[in-house]
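The values are calculated or read from the model by the stated rules, or taken from the named source; none is laboratory data. Model, not experiment: these values are computed from the prediction. All Cβ positions, glycine included, derive from the backbone under ideal geometry; neighbour counts span all protein chains shown.
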Amino acid sequence: MMEANTPSYQAAKENKDLIMDNKEAVSLNCQPQEAEREESGPTKAEGQKIRNEKSWLKRHRSSLLRRDRQARKAGQLFSGLMATNVVFLGSAFICSMIFNKVAITLKDVWIFLVILKILTSGWMVYYLFFTRLRANAVLYRDPHAGPIWVKGSLLLFGACSVLLNMFWIGYDIIHIHCKSPVEIVFPSIGILFICIQTYFIWCHAKDCTQVEHNITRCGLMLTLATNLLLWVLAVTNDSLHKEIQLKDPAVLPHLAAGNWTSSCKCSNTTTCQVFQKGYILLYPFNTEYCLISCSMLYIMWKNVGRHLTQHHTTCIKPRLRLHGVIFGPLLGISAVIIGICIFVIYQIQATSSTLSLQAFILYYSYYICLLPVMTIGALAGTIIHGLEERELDTVKNPTRSLDVVLLMGAALGQIGISYFSIVAIVATNPKDLLNSINLAYSVSIIIQHIAQNIFIIEGLHRQPLVVNDVPSHAASSMGDTTSNQGLPSGHMVASHVCQEHAQSTSNKEKDQFEKEKCEGSSPVVSHLEEREGIRRASQNYIQTYHHLNWKRKALKEISSFLIMCNIILWIMPSFGAHPSFENGLETSFYGYSIWFAIVNFGLPLGVFYRMHSVGDLLEVYRFV
């Protein structure tokens with residue numbers, strides 16, 4: 001007990017207590033860290049799990065998108081191959097009918113096309129009443145597909161094609177004693193096919209179908225192949241009519257509406273002539289209807305299974321307004337009137353026994369005067385496009401891509417004919433009056449097509465510029481510089497309006513109240529300074545508006561002029577003005593059969609080019 005009270009024993013005990021206190025403190029300090037480790041452990045695990053789940057969803061989504069793209073490409077490939085085989089089979093039938101009329105006749109080709117029309121009409125009815133009505137069948141609609149000018153052309157040419165088939169049926173009924181049933185069934189099925197197809201394209205051209213992808217693609221491709229074969233048959237059948245007309249003009253009334261022979265007599269001559277002339281007049285519209293239907297069906301085929309983003313669905317559609325455009329329409333209308341007069345004179349000469357030299361010179365001179373003006377306008381428009389500050393529209397657009405392809409492809413028809421004519425003229429006698437005019441005509445055709453294509457393509461790839469009204473556009477375009485030069489602000493305009501309102505009031509107290517309110521709205525600026533500022537801002541606004549908008553006005557004038565010119569250049573060859581057939585130079589140089597093959601392939605494409613250019617120029621005019 002005494003040793004316990006010694007100083008050494010007390011010191012040892014204090015050291016032991018101090019060590020115990022330090023251990024407890026260290027243990028207390030370690031407990032929060034261990035608790036933090038225990039809490040942070042599950043948090044990190046949960047974060048890693050979330051990241052793994054997100055990465056799995058990302059991989060799964062990318063895998064689904066990859067499968068969707070692969071399935072879409074496979075469906076497009078299969079349907080495209082099916083349409084290609086159908087077109088080749090139908091082309092083989094048509095070529096066999098042309099070169100071997102004994103084994104394959106025109107009736108066999110009609111039977112094949114009747115089967116195709118029934119199949120495609122049945123599919124379109126199935127789409128309208130079953131596919132279209134399914135849940136989530138059409139989630140998106142392409143705003144660029146099916147513009148109004150295309151639908152209007154489709155409806156117009158469809159109506160003309162229906163009338164053509166009616167004239168055909170009427171003529172066959174008159175000659176029922178010498179006509180087979182196929183010759184009546186074919187145009188009857190054609191009327192039903194045209195009505196169903198026109199309604200189908202008119203109502204559902206914008207659909208992006210999300211169900212039954214493969215069936216829809218195959219149906220659209222089969223319908224496209226049917227229209228393409230109808231176009232090929234119409235071109236070859238029309239070429240046979242022109243060949244017969246040139247060889248023996250007296251035989252044409254008996255063969256004008258199909259495979260008609262002189263042995264089939266008509267009891268009522270007047271009625272027969274009405275049906276024949278109606279058929280010949282409406283015949284070109286049938287070919288145009290087939291080409292427009294093919295282009296629209298291709299767009300619908302590309303849109304099957306397509307998912308549109310918000311950028312695609314938000315489409316700016318400016319209105320078609322004149323905006324003070326005067327000179328372009330006036331010059332265009334003048335060109336149309338002069339062209340119609342020359343066309344009538346040429347057709348009167350063509351109905352006679354032989355065409356005079358003056359008719360050819362008049363026809364070619366009109367083109368030689370008009371085409372350079374169109375070329376200069378197109379080149380000027382292209383330069384103005386380059387001076388504009390609008391950005392290029394780089395968004396993927398199947399409709400615009402197809403417009404460019406059709407524009408370039410259809411231009412090859414007339415350009416090809418022109419090159420063949422140039423070679424024939426230069427190789428024979430280029431110094432002759434008619435040959436020299438024909439040479440200038442061919443060169444002008446080539447240059448004008450190239451210049452117009454460049455102008456249209458530049459215009460289609462520009463971002464649209466939409467202006468609601470003039471003042472807002474001027475205010476937005478003048479920017480900060482104009483505002484620093486005296487552009488009236490909101491309270492200045494309000495004070496000016498309040499001042500006029502106060503001056504027009506008869507009550508003095510009310511006048512005083514309005515003036516005090518107006519002075520309160522702009523205490524810094526006096527009335528005289530306000531009026532002077534508004535006057536300077538108005539003058540500056542007018543000058544700036546005219547300075548910034550001359551480009552748009554010039555583009556609208558050029559576009560409207562080119563629209564009218566392309567309309568008259570579409571009318572003249574569509575209704576029978578074909579000097580390439582009648583001048584005789586190319587026929588004697590290349591031979592009858594070769595030149596007919598060249599011209600009858602290029603002329604329908606040239607007619608389609610003019611009509612398609614009108615639609616594209618309308619789009620350029622709207623978006624300027």
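Evaluate the following for LYS117: is it in the same structural domain as LEU192 (by TED's automatic domain parsing), surrounded by 14 or more Cβ atoms within 10 Å (Cβ to Cβ), touching a Phe, Trp or Tyr at 6+ places or on another chain (Cβ under 9 Å) and under 15 Å from MET221 (Cα atoms)?
Numbers: in the same structural domain as LEU192 (by TED's automatic domain parsing): yes; surrounded by 14 or more Cβ atoms within 10 Å (Cβ to Cβ): yes; touching a Phe, Trp or Tyr at 6+ places or on another chain (Cβ under 9 Å): yes; under 15 Å from MET221 (Cα atoms): yes.
For LYS117, the condition - in the same structural domain as LEU192 (by TED's automatic domain parsing), surrounded by 14 or more Cβ atoms within 10 Å (Cβ to Cβ), touching a Phe, Trp or Tyr at 6+ places or on another chain (Cβ under 9 Å) and under 15 Å from MET221 (Cα atoms) - is met.
Working only within region 595-624, note down all residues that are modelled with pLDDT under 80 and over 24 Å from the mean Cα position of the chain (by Cα).
Matches in region 595-624: PHE596, ALA597, ASN600.
Take ASN214 and tell me if it is in contact (Cβ under 8 Å) with a residue 40 or more places away in the chain, part of a helix (DSSP H, G or I), among the polar types (S, T, N, Q) and surrounded by fewer than 19 Cβ atoms within 10 Å (Cβ to Cβ).
Numbers: in contact (Cβ under 8 Å) with a residue 40 or more places away in the chain: yes; part of a helix (DSSP H, G or I): yes; among the polar types (S, T, N, Q): yes; surrounded by fewer than 19 Cβ atoms within 10 Å (Cβ to Cβ): yes.
In short, yes.
Just to be sure, is LEU133 aliphatic (A, V, I, L, M) and either surrounded by fewer than 20 Cβ atoms within 10 Å (Cβ to Cβ) or outside the structural domain of ALA225 (by TED's automatic domain parsing) (or both)?
On the way: aliphatic (A, V, I, L, M): yes; either surrounded by fewer than 20 Cβ atoms within 10 Å (Cβ to Cβ) or outside the structural domain of ALA225 (by TED's automatic domain parsing) (or both): yes.
Answer is yes for this residue.
What number goes with the only condition from (1) in a helix (DSSP H, G or I); (2) of a type outside the set (Phe, Trp, Tyr); (3) modelled with pLDDT under 80; (4) crowded, with 21+ Cβ neighbours inside 10 Å that LEU252 does not pass?
(4)
Table: residues versus (1) at pLDDT 90 or above; (2) small (Gly, Ala, Ser); (3) closer than 18 Å to GLY584 by Cα; (4) part of a loop (DSSP other than H, G, I, E, B).
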site	(1), (2), (3), (4)
VAL404	no, no, no, no
ILE422	yes, no, yes, no
VAL426	yes, no, yes, no
PRO430	no, no, yes, yes
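I'd like the residue in region 329-350 that is within 16 Å of SER580 (Cα to Cα) and more than 30 Å from the chain's Cα centre (by Cα) and, out of all such residues, is surrounded by the fewest Cβ atoms within 10 Å (Cβ to Cβ). Can you show your working first?
Pass one, region 329-350, residues within 16 Å of SER580 (Cα to Cα): 343, 346-347, 349-350.
Then drop every residue that is not more than 30 Å from the chain's Cα centre (by Cα), which leaves 346-347, 349-350.
Values: TYR346: 21, GLN347: 14, GLN349: 17, ALA350: 16.
My answer is GLN347.
Okay, residues lined up against (1) surrounded by 18 or more Cβ atoms within 10 Å (Cβ to Cβ); (2) in contact with a Phe, Trp or Tyr (Cβ under 6 Å, 6 or more places away or on another chain):
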residue: LYS151; (1), (2): no, yes
residue: PHE157; (1), (2): yes, yes
residue: ASP172; (1), (2): yes, no
residue: HIS177; (1), (2): no, no
residue: PHE193; (1), (2): yes, no
residue: ASN227; (1), (2): yes, no
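Over 19 Å from LEU233 (Cβ atoms) and assigned to a helix (DSSP H, G or I): is that true of CYS160 in this structure? Write out each step before concluding.
Values: over 19 Å from LEU233 (Cβ atoms): no; assigned to a helix (DSSP H, G or I): yes.
For CYS160, the condition - over 19 Å from LEU233 (Cβ atoms) and assigned to a helix (DSSP H, G or I) - is not met.
Scanning for something among the charged types (D, E, K, R), surrounded by fewer than 19 Cβ atoms within 10 Å (Cβ to Cβ), at pLDDT 75 or above and under 29 Å from GLN452 (Cα atoms), does region 556-572 turn up at least one residue? If you could, list the steps in order and put the result at the bottom.
Of the residues in region 556-572, the ones among the charged types (D, E, K, R) are 556-557.
Remaining after also requiring surrounded by fewer than 19 Cβ atoms within 10 Å (Cβ to Cβ): none.
There is no residue in region 556-572 that is among the charged types (D, E, K, R), surrounded by fewer than 19 Cβ atoms within 10 Å (Cβ to Cβ), at pLDDT 75 or above and under 29 Å from GLN452 (Cα atoms).
May I ask you to list the residues in region 313-369 that are over 27 Å from GLN414 (Cβ atoms), assigned to a helix (DSSP H, G or I) and at pLDDT below 85?
THR313, the sole residue that qualifies.
Against the definition (surrounded by fewer than 19 Cβ atoms within 10 Å (Cβ to Cβ) and in a helix (DSSP H, G or I)), how does SER188 come out, yes or no?
Values: surrounded by fewer than 19 Cβ atoms within 10 Å (Cβ to Cβ): yes; in a helix (DSSP H, G or I): yes.
Considered against the rule, which asks whether it is surrounded by fewer than 19 Cβ atoms within 10 Å (Cβ to Cβ) and in a helix (DSSP H, G or I), SER188 comes out as yes.
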